[in-house]
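The values are calculated or read from the model by the stated rules, or taken from the named source; none is laboratory data. Quick caveat, the model's predicted, so the values are computed rather than measured. Glycine gets a Cβ as well: all are built from the backbone with ideal geometry, and neighbour counts include every protein chain shown. Only protein heavy atoms, including side chains, enter the accessible area calculation; ligands, DNA and RNA are left aside. Shrake-Rupley method; radii C 1.70, N 1.55, O 1.52, S 1.80 Å.
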Amino acid sequence: MKKIEIIGFNFSYSGGKPVLRDINLEIGRGFFGLIGPSGCGKSTLCLALNGLIPHEIAGVKTGKVIVCGKDTDKYHTRQMARHVGMVFQNPESQLFSLCAEDEIAFGPGNFGVSWREIKKRVAQAIKKLKMEHLKNKSPEQMSSGEQQKTAIAAALAMHPADAGSDMPILEKEKLVIAAAMALDPDILVLDEPSANLDPRSAEEIFAILKKISQEKIIFLVSHNIGQIFRYADTVAVMDRGAIVMCGAPADILNSEKLLDYLDLPAISELSNELRLKPMALVAEDIAPKIKFSKEVHFKSKIVYRKNPVVKVDDIDFEYVKGAPILQDISLEISRGEFLAIVGNNGSGKSTLALNMIGILKPQRGNIFINGKNTKKEKISDLVRSIGYAFQNPDLQIFEDTLRQEVAFGLKNLHLPPDEITKKTTDALNYVGLQEYADSDPFSLSLGQKRRLTIASILAMGPKIIILDEPTTGIDDRIVKSLMKLIVRLNREGHTVINMITHNMDLTARYAERVVVLSGGRIISDGPVRKIFAQADILEKANLMRPEINRLGHILGNSEVLTTDDVLSLL
Amino acid sequence: MKFYEYVYRDSFVHRLDPRVKLAWLFVFSSAVFLTSQPWAVTAIFLSCIAVGLLAKLPQGQIWDSIKLFVILMPLSYIVLYLFLIGIKWQAVFEALVFSEKFLLLILASIIFTMTTSARDMLLSLVKIKVPYTFAFMLTIAIRFIPLIFKETNNVINAQRARAHEFVFSLLRPVDTVKSFVPVIIPVFTLLLKRAYELSLSIDARGFGSQKKITYPDRLKFGADEILASVAMAGFLFFALKML
């Protein structure tokens, strides 16, 4: 029996353009991976699988979605929940209990399953996701990985599990999954379960899902192309609402057509350059096939100038007495540097950034921006020198048009109206949003919103720009175009400070200098190649080498960072 | 200082059914106001400290949060009583007993909240027949309030990073409200989005698919609870009748 059957399905949100177009899919078993550019309709398709479309989400639809023999038109999500466990994109807002155990017990509880049976399912889901240590933790105290695990476990526990199956999954992420599993569904739908995870945790989640896929259907949407191709049994590619490719992962990966829709991970691009078939997904796929014939020490290009634009002079910072967030931080940044500050969640990156722009003041030590002490300057003066673009654009957007949004900061600086108009137009042109100048910012895509936040900072004229995770949640192609903008800013004399949690590919490709934060201290600071050559530092900060660097490491040169580096060594 | 937060410890008091602790809180704090026997009040007060010690609560942290009361309350009552009763030792004595009663109220509430997790509290509500949906709503509120604060703080920082200055002035109410618009709109947008996502995921887990709901049945009224209740009743009888 086909567990998931989608026949001629079309959907558009009320008053909007078609989001899904003529989708036809049949899935009987195993691990199904769906990829495609941001905004192609992947998430919307997930919402159709458990009846949220059409029952909870307003829009126009035609065609049929039949899951486990039930037509979603006739069965409400509440009923479909018996068959379909769903794990949504944002783990934070789908966990509503005060501890993991209650979260997982919630789903089966709604079906009136006996408390004894629930306890059994909760225990099984927790075991499968390897999250025993999270049982009594509240979602608030978890990392996103832990939350995700819980959500998956909660979805799993919704249907009765087989005895004796022993499967492992990460914290928030783990929690979300565990919660979905507690309902013990036949089908587990996951929308970007690895979006907030570090590479190691993402790998762990995929491995757990792979095991679960032996007994349940896994329907997974992700931007982690590498992992999808390695773990899925079937891969489908979606573009502008239609499924354009569908088949075995190896066939799709090696088809030239794929490149029309998506950018591949750097390691796959390398194997393309080297004309190695089949396409590589991890360093080990290429390592046995090539050899470095030259020994080269790459030069680092950092130039330390005399007058740093940012000087952090031995600071300590704490929100609550006795719980230091930053300790003994000293850092000098020269004009025109491209710097990455990397470190896990909770390592103190955002707190350091807020200290640099003067919103927070260090308890000990001083920070100088262009020689001026942040403790003595007004924020309205500091923003002319240093700007901070927050990760989530929704934190700042509140005006009716992009133009007004960008003008907001300028008005706060009390500039004359004609200067505001000019600077606003210039900034929007610079980031390539001029054609949307008079539209509603809420209608923009996430990638465009990021550009808007950069424009609203740029307009105030700072020469130092701090970007907090500019690339999370958007696909590789949009990341590249955004980074192009940032590189251009840097070439034109801006100092760029990039805050990065997980994306080491990005760090390796763009940063000249890397500062590694761990537990509120700087544990390493130097040229990017030197950082990736230090295995112990990476280990300590829980960072993973990007694939290309790992390839270099395997072949004996840990300073390799880019495709060009590899080519130059052959 | 957040003295009201649950502090996890492996102790007899922590393990007790919240209903027993709730009863203790109410009965003991009303008992001190029903008696005027100084020794009875002192005994009850000391018993409260004993419960705190039994619960292995962080003494330094509790002291930090109540030291102002401990110092200021007796002092101010002494001054007040000296006025009311006249300059006699009795005034000082009575003031001290009266302060003891209020300090007990504060201390007992702190011990209760520090030893009872919100989820156990809510389960005990369900046990005393508060509708599950209502308890569920409370759970969601407790879970999301800290998140709302965090998010609001992020929005404030994001707007300050664009040189926005907030106005706090009773004399300029319109300006004050206006200066908060750049915070209120994003916070509401974020909250609505969150609420929407939350409602979808509650649906996806089958909430409301049928009337009968099984909720965690973790609380048990066992030997420990009976022991604690008997000890409480016995002690009160002794304190109020014998002293």
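It is to be established whether one or more residues within segment B:212-220 are surrounded by 16 or more Cβ atoms within 10 Å (Cβ to Cβ), modelled with pLDDT of 85 or more and within 17 Å of A:ALA157 (Cβ to Cβ).
No, there is no match, as no residue in segment B:212-220 is surrounded by 16 or more Cβ atoms within 10 Å (Cβ to Cβ), modelled with pLDDT of 85 or more and within 17 Å of A:ALA157 (Cβ to Cβ).
Quick check on my filter: what residues within segment B:126-145 are surrounded by fewer than 18 Cβ atoms within 10 Å (Cβ to Cβ) and not β-branched (Val, Ile, Thr)?
B:LYS127, B:LYS129, B:PRO131, B:TYR132, B:PHE134, B:MET137, B:LEU138, B:ALA141
Applying the selection to segment A:450-470, what residues are in a loop (DSSP other than H, G, I, E, B), away from every other protein chain (no Cβ under 14 Å) and among the charged types (D, E, K, R)?
A:LYS463
How many residues are within 10 Å of chain B (Cβ to nearest Cβ), touching a Lys or Arg at 6+ places or on another chain (Cβ under 7 Å) and farther than 16 Å from A:ALA455 by Cβ if we restrict to segment A:348-403?
Selection size over segment A:348-403: 2.
Return the residue satisfying two criteria in turn: it lies in segment B:155-165 and is surrounded by fewer than 20 Cβ atoms within 10 Å (Cβ to Cβ) and under 32 Å from the mean Cα position of the chain (by Cα), and of such residues it is farthest from the other protein chains (Cβ to nearest Cβ).
Only one residue fits best here, namely B:ILE156.
Only one of these is open to solvent by 10 Å² or more (accessible area, probe 1.4 Å) and at pLDDT 90 or above: A:ASP251, A:ASP263. Name it.
A:ASP251
Can you tell me which condition B:PHE168 does not meet? The list is (1) at pLDDT 90 or above; (2) more than 7 Å from chain A (Cβ to nearest Cβ), and all the others hold.
(1) is the only condition that B:PHE168 fails.
Kindly provide the set of residues from segment B:198-208 that are at pLDDT below 90 and surrounded by fewer than 19 Cβ atoms within 10 Å (Cβ to Cβ), ordered by number.
B:GLY208
Checking B:VAL183 against (1) over 30 Å from A:THR72 (Cα atoms); (2) open to solvent by 50 Å² or more (accessible area, probe 1.4 Å); (3) not aromatic (Phe, Trp, Tyr): exactly one of these is not met. Which one?
Condition (2) is where B:VAL183 drops out.
Kindly list, by first and then second residue, each pair from a residue in segment A:485-512 that is acidic (Asp, Glu) to a residue that is assigned to a strand (DSSP E or B) and surrounded by fewer than 22 Cβ atoms within 10 Å (Cβ to Cβ), limited to pairs with Cβ atoms under 7 Å and residues at least 6 apart or on different chains.
Sorted first by the residue in segment A:485-512, then by its partner, the pairs are A:GLU512/A:PHE338; A:GLU512/A:PRO527.
What number of residues in segment A:184-237 are under 14 Å from A:GLY36 (Cα atoms) and in a loop (DSSP other than H, G, I, E, B)?
Adding up the residues that qualify gives 4.
Evaluate the following for B:LYS241: is it more than 7 Å from every other protein chain (Cβ to nearest Cβ), basic (Lys, Arg) and either open to solvent by less than 50 Å² (accessible area, probe 1.4 Å) or under 30 Å from A:LEU458 (Cβ atoms) (or both)?
No; evaluated as a whole, the condition is false for this residue.
Looking at segment A:406-419, which of the residues that are open to solvent by less than 20 Å² (accessible area, probe 1.4 Å) and assigned to a helix (DSSP H, G or I) is nearest to the other protein chains (Cβ to nearest Cβ)?
Out of the qualifying residues, it is A:GLY409.
Please enumerate the residues belonging to segment A:431-449 that are within 13 Å of chain B (Cβ to nearest Cβ) and either under 11 Å from A:ARG403 (Cα atoms) or touching a strand residue (DSSP E or B) at 6+ places or on another chain (Cβ under 8 Å) (or both).
A:ASP440, A:PRO441
Taking the options A:GLN89, A:GLN79, name whichever one is open to solvent by 10 Å² or more (accessible area, probe 1.4 Å), in contact with a strand residue (DSSP E or B) (Cβ under 8 Å, 6 or more places away or on another chain) and assigned to a loop (DSSP other than H, G, I, E, B).
Step by step, each of A:GLN89, A:GLN79 is checked, and only A:GLN89 is open to solvent by 10 Å² or more (accessible area, probe 1.4 Å), in contact with a strand residue (DSSP E or B) (Cβ under 8 Å, 6 or more places away or on another chain) and assigned to a loop (DSSP other than H, G, I, E, B).
Let me spell it out: the conditions are (1) of a type outside the set (Asp, Glu); (2) more than 30 Å from B:HIS164 (Cβ to Cβ); (3) open to solvent by 10 Å² or more (accessible area, probe 1.4 Å), and A:VAL514 meets all of them except one. Which number is the exception?
Just one mismatch for A:VAL514, condition (3).
Right, B:LEU191: open to solvent by 40 Å² or more (accessible area, probe 1.4 Å) and under 25 Å from B:SER29 (Cα atoms) or not?
no
Note down all Cβ pairs under 8 Å where the first residue falls in segment A:371-391 and is over 16 Å from A:ASP468 (Cβ atoms), the second is charged (D, E, K, R) and part of a helix (DSSP H, G or I), and they're at least six residues apart or on different chains.
A:LYS372/A:ASP381; A:ILE379/B:ARG160
Can you tell me which residue in segment A:523-554 is nearest to A:ARG200 (Cα to Cα), limited to those that are buried (at least 18 other Cβ atoms within 10 Å of the Cβ) and of a type in the set (S, T, N, Q)?
A:ASN549
Report yes if B:LEU107 is assigned by TED's automatic domain parsing to the domain that holds B:VAL27 and aliphatic (A, V, I, L, M), otherwise no.
So B:LEU107 fits the description; yes.
Among the residues that make up segment A:330-339, is at least one of them more than 13 Å from chain B (Cβ to nearest Cβ), of a type in the set (Ser, Thr, Tyr), part of a loop (DSSP other than H, G, I, E, B) and in contact with a strand residue (DSSP E or B) (Cβ under 8 Å, 6 or more places away or on another chain)?
Yes.
Listed residues A:ASN344, A:ASN272; which is open to solvent by 40 Å² or more (accessible area, probe 1.4 Å) and either assigned to a helix (DSSP H, G or I) or under 30 Å from A:VAL189 (Cα atoms) (or both)?
Only one candidate passes the filter, namely A:ASN272.
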